[in-house]
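Some notes on the structure that comes next.
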Amino acid sequence: MLVSSQYSPNMSKSDFEVIADIAHQEAGLVFTQEKASLVRSRINRRLLKLGLNSFSEYISLIKSHQGEDELKLMISSLTTNISSFFRESHHFELFAKTTFPPLLSFARAGGRVRIWSAGCSTGQEPYSIAMTMFSIAPDMGNLDIKILATDIDANVILTAKTGFYPETDMESVSKNYLNKYFKYTKDETNEGYLVDREIRNLITFRELNLLRDWPMKRHFDVIFCRNVVIYFDEETQLALWTRFENVAAPGGWLFVGHSERLPERLNTRFQNVGPTTYRLPLGSEALEKAE
């Protein structure tokens with residue numbers, strides 16, 4: 001029997017604990033008992049969608065082999081995807097003035113530059129990075145500079161790939177950038193702005209769980225991972241910072257969220273070089289990338 005749209009089953013304490021444990025194991029998410037009402041509300045939508053009558057039925061599903069896809073949808077429903085263009089603008093100012101110019105020179109000399117937007121949500125962050133680079137180097141398309149943008153949520157990756165955003169998302173985009181890098185479109189069902197194809201071609205979007213294996217084989221010159229680890233417990237955060245260090249190139253940059261910090265006890269080689277900004281020391285093989 002399908003549940004009605006008004007039906008809202010109870011979630012027991014044990015149901016919550018099982019769901020919270022699965023969310024932690026699968027995605028590093030941390031939900032205390034104080035978040036039980038939020039979890040219940042978001043998972044209840046999945047029950048309604050699937051026509052299930054109880055949280056215990058739902059738990060049985062996501063634990064089963066047949067429930068692998070639903071497990072991903074559950075994690076998606078529990079994550080908060082908030083993003084905007086040029087969020088935390090000081091990072092983009094530093095990127096434009098200090099980070100990017102030597103990398104651009106290196107690329108123009110035939111070098112390879114790679115940037116990672118980890119936890120890219122609906123794509124505003126990687127598109128903001130790309131627009132910043134294009135504003136400095138209109139010949140970007142002829143250089144070996146690419147952005148990898150990843151997120152655990154397959155749905156937001158689909159949105160990001162389209163590069164289409166409603167007018168309400170354009171508030172933080174300057175008029176100059178709006179005219180240069182977006183095209184206004186309108187049809188019977190949609191109205192908004194489409195990111196220029198040349199900008200979109202710089203970016204590869206991929207679904208990726210940061211807690212699982214990373215398939216990338218080469219190092220990144222710049223990593224943006226902002227407002228992502230705040231959802232993880234301390235142990236998971238420490239492990240993630242170390243993994244970022246391992247995939248960062250000599251002299252590589254790491255930008256983190258406004259409420260995130262690399263703790264001193266981590267004993268990382270990343271050095272704090274600005275507000276929520278870190279950098280690895282330059283190695284001899286990367287001197288040509290330096291200013």
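Values in this text are rule-based calculations from the coordinates and carry no lab data. Values in this document were obtained by computation on a predicted structure and should not be read as measured data. Cβ sites come from the backbone with ideal geometry, for glycine too, and all protein chains shown count toward neighbours.
Quick look at the values:
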| read-out | value |
| --- | --- |
| At least 30 Å along the helix axis (C-alpha) and Kyte average at least -1.0, DSSP helices within the chain | none |
| Sequence-separation-based contact order of the chain, relative, with Cα cut under 8 Å and 6+ spacing, percent | 17 percent |
| Order of 148, 38 under a 10 Å beta carbon neighbour criterion, fewest first | 38, 148 |
| Residue 29 long-range amide H proximity, modeled H, under 5 Å | 24 |
| Charge dipole (the chain, unit charges on Cβ, about Cα centre) - positive-most of 239, 263, 182 | 182 |
| Charge dipole magnitude, Cβ of K and R +1, D and E -1 - the stretch 13-78, Cα centre, debye nearest 20 | 280 debye |
| Burial ordering of 169, 233, fewest other beta-carbon atoms within 10 Å first | 233, 169 |
| Positive-pole candidate from 228, 165, 104, dipole of the stretch 89-289, charges at beta carbon | 104 |
| Extreme residue, positive dipole direction of the stretch 13-78, given options 67, 39, 22 (C-beta unit charges) | 39 |
| Charge dipole magnitude, Cβ of K and R +1, D and E -1 - the stretch 89-289, Cα centre, debye nearest 20 | 680 debye |
| Amide H partners (placed H, <5 Å) of residue 223, local residues excluded | 116, 253, 254, 255 |
| Beta bridge orientation in the chain: antiparallel %, DSSP, nearest 5 | 40 percent |
| Across 97/217; 180/217; 72/183; 63/161; 97/161; 72/161, pairs whose alpha-carbon gap is larger than 25 Å | 97/217; 180/217; 72/183; 63/161; 97/161 |
| Given (1) 50; (2) 35; (3) 57, the label whose value is percent of Cα pairs over 26 Å apart derived from this model | (1) |
| Proxy reagent accessibility, fewest Cβ within 10 Å first, across 184, 177, 127 | 184, 177, 127 |
| Solution diffusion estimate, µm²/s, Stokes-Einstein, the stretch 1-94, Kirkwood Rh from C-alpha pairs, 10 °C, viscosity 1.306 mPa s | 109 µm²/s |
| Aspartates and glutamates with Cα under 17 Å of residue 13, excluding same-chain neighbours fewer than 8 positions away | 21, 34, 57 |
